[in-house]
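Colleague: Once you've had a glance at the structure underneath, I'll fire off some questions.
The values are calculated or read from the model by the stated rules, or taken from the named source; none is laboratory data. Treat the numbers as computed from the prediction; the structure is a model and nothing was measured. No Cβ is skipped: glycine too gets one built from the backbone with ideal geometry, and neighbour counts run over all protein chains shown. When the accessible area is computed, the model is the full protein with side chains, heavy atoms only, and any ligands, DNA or RNA have been set aside. Shrake-Rupley method; radii C 1.70, N 1.55, O 1.52, S 1.80 Å.
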2 protein chains.
Amino acid sequence: MTLNPKFDAQGLIPAIVQDADTGQVLMLAWMNATSLELTRQTGETHFWSRSRQELWHKGATSGNVQHVVELALDCDGDTLLVKVHPAGPACHTGAVSCFFNQVL
Amino acid sequence: MTLNPKFDAQGLIPAIVQDADTGQVLMLAWMNATSLELTRQTGETHFWSRSRQELWHKGATSGNVQHVVELALDCDGDTLLVKVHPAGPACHTGAVSCFFNQVL
């Protein structure tokens with residue numbers, strides 16, 4: 001099928017990153033068209049950093065790259081689900097997943 | 001701990017909904033402060049529909065409510081992960097998950 005993601009007004013689409021083996025949701029980050037293309041070409045996740053306003057190859061400095069196993073678009077085409085094999089923790093805090101603040 | 005989510009310029013925060021038992025990521029939707037409060041009070045997911053511009057109690061018409069098991073905020077407080085027991089399919093197409101368009 002044709003990949004036809006809907007980018008928002010900022011040219012971005014949210015990407016949920018999930019561990020392909022454990023099923024744990026690791027993080028949510030944003031992709032623009034370029035980072036999505038880089039992700040597909042290299043097989044490693046690339047995002048758009050909204051805070052730094054730059055392309056971001058996950059793990060480029062930390063070594064904790066994420067190898068893409070599967071990439072899926074949701075029913076209305078405005079969210080990506082990226083299943084990965086992570087080389088290390090997803091979170092900059094060193095946690096496996098960014099979702100460690102349980103609130104309920 | 002204190003729940004202190006960061007809402008975006010539109011007053012919204014993305015909420016990843018995951019099946020608490022299977023680990024399958026079901027959908028991504030958006031919450032505003034009111035829908036988050038309703039979710040916490042009722043134990044069933046409530047969102048803000050960006051297309052309809054209204055509060056949306058998931059399953060109110062279909063019966064496919066989502067019972068909240070766990071609610072977590074990510075490291076920088078701008079994304080929610082909601083683990084649920086779904087009463088039925090998450091997707092309006094009847095699919096269990098909205099992420100059925102595999103693109104890689």
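Colleague: What residue among B:SER62, B:SER51, B:SER35 shows peak mean-square fluctuation when chain B is described by a Gaussian network model with Cα springs under 10 Å?
Modeller: B:SER51
Colleague: Using unit Cβ charges (K, R positive; D, E negative) and no other charged atoms, how large, in debye to the nearest 20, is the dipole of the protein assembly as shown about its Cα centre?
Modeller: 180 debye
Colleague: Can I ask one more? Could you work out, residue by residue across A:40-50, how many beta carbons of other chains sit within 10 Å of that residue's beta carbon, and then give the average as an integer? Each step should come with its number before you reach the end.
Modeller: Details: counts 2, 0, 0, 1, 0, 0, 0, 0, 0, 0, 1.
Rounded to a whole number, the mean comes out at 0.
Colleague: Suppose a student asked you for the relative contact order of chain A, using Cα pairs under 8 Å spaced at least 6 residues apart; what percent would you report? Provide the component values of the computation, followed by the final result.
Modeller: Values: 204 pairs, mean separation 28.6, N = 104.
Relative contact order, chain A: 28 percent.
Colleague: Between chains B and A, what is the buried accessible area summed over both chains (1.4 Å probe, protein heavy atoms, nearest 100 Å²)?
Modeller: Chains B and A together bury roughly 2900 Å² of accessible area.
Colleague: Taking the label point 7 Å from Cα in the Cβ direction, how far apart in nm is B:GLU37 from each other copy of itself, listed shortest first?
Modeller: 4.5
Colleague: A further question on this structure: Which trypsin sites (Lys or Arg not before Pro) does the range B:11-63 hold that lie in a coil by DSSP with at most 11 other beta carbons within 10 Å? Kindly include the intermediate steps, with their values, before the conclusion.
Modeller: On the way: sites: B:ARG40, B:ARG50, B:ARG52, B:LYS58; in loops: B:ARG50, B:ARG52, B:LYS58.
Those that pass, being in a loop and sparsely packed, are B:ARG52.
Colleague: Hey, how much of the P(r) for the range B:1-55 falls beyond 16 Å, as a percent of Cα pairs?
Modeller: Beyond 16 Å sits 46 percent of the P(r) for the range B:1-55.
Colleague: Over all directions, average the projected area of the Cα convex hull of chain A and note it in nm².
Modeller: Approximately 7.4 nm², given one-decimal rounding.
Colleague: Between B:SER51 and A:GLN53, what FRET efficiency comes out of the Förster formula 1/(1 + (r/R0)^6) with R0 = 30 Å and r the beta carbon distance, rounded to 0.05?
Modeller: With a Förster radius of 30 Å, E is 0.60.
Colleague: List the residue from chain B whose beta-carbon is nearest to the axis that rotates chain B onto chain A, together with that distance in whole Å.
Modeller: B:GLY23, 1
Colleague: Then there's this: For the pair A:THR61 and A:ASP21, how long in nm is the line joining their label points, each one 7 Å along Cα→Cβ?
Modeller: Distance between label points: 2.8 nm.
Colleague: Continuing with this model, one more query. Just which residues of the range A:58-84 lose 30 Å² or more accessible area with every protein chain there, against their chain alone, with the probe set to 1.4 Å?
Modeller: For the range A:58-84, once contacts with the other chains are taken into account, A:GLU70, A:LEU71, A:ALA72, A:LEU73, A:ASP74, A:CYS75, A:THR79, A:LEU81 lose 30 Å² or more.
Colleague: Could you tell me which residue out of A:PHE7, A:THR93, A:VAL17 lies farthest along the dipole of chain A toward its positive end? Charges go on the beta carbon: Lys and Arg +1, Asp and Glu -1, centred on the Cα centre.
Modeller: A:THR93
Colleague: As a test of understanding, state the convex hull volume per residue of the protein assembly as shown from its alpha carbons, in Å³.
Modeller: Values: hull volume 24.7 nm³, N = 208.
Residue-normalised Cα hull volume stands at 119 Å³.
Colleague: Accessible area per residue of chain B at 1.4 Å probe, in Å²?
Modeller: Working: 4860 Å² over 104 residues.
Ligands and nucleic acids excluded, the figure is 47 Å² per residue.
Colleague: For the range A:25-104, which whole percent of the accessible surface, found with a 1.4 angstrom probe, sits on carbon and sulfur atoms?
Modeller: Ligands and nucleic acids excluded, carbon and sulfur give 49 percent.
Colleague: To continue, here is another question. For a quick check of your reading of the filter: which chymotrypsin sites (Phe, Trp or Tyr not before Pro) in chain B sit in a DSSP loop and have no more than 14 other Cβ atoms within 10 Å?
Modeller: B:PHE100
Colleague: Determine the shielding of peptide A:93-100 by partner chains: average, over its residues, the number of Cβ atoms on other chains within 10 angstrom of each Cβ.
Modeller: Counting other chains' Cβ atoms within 10 Å and averaging over A:93-100 gives 4.
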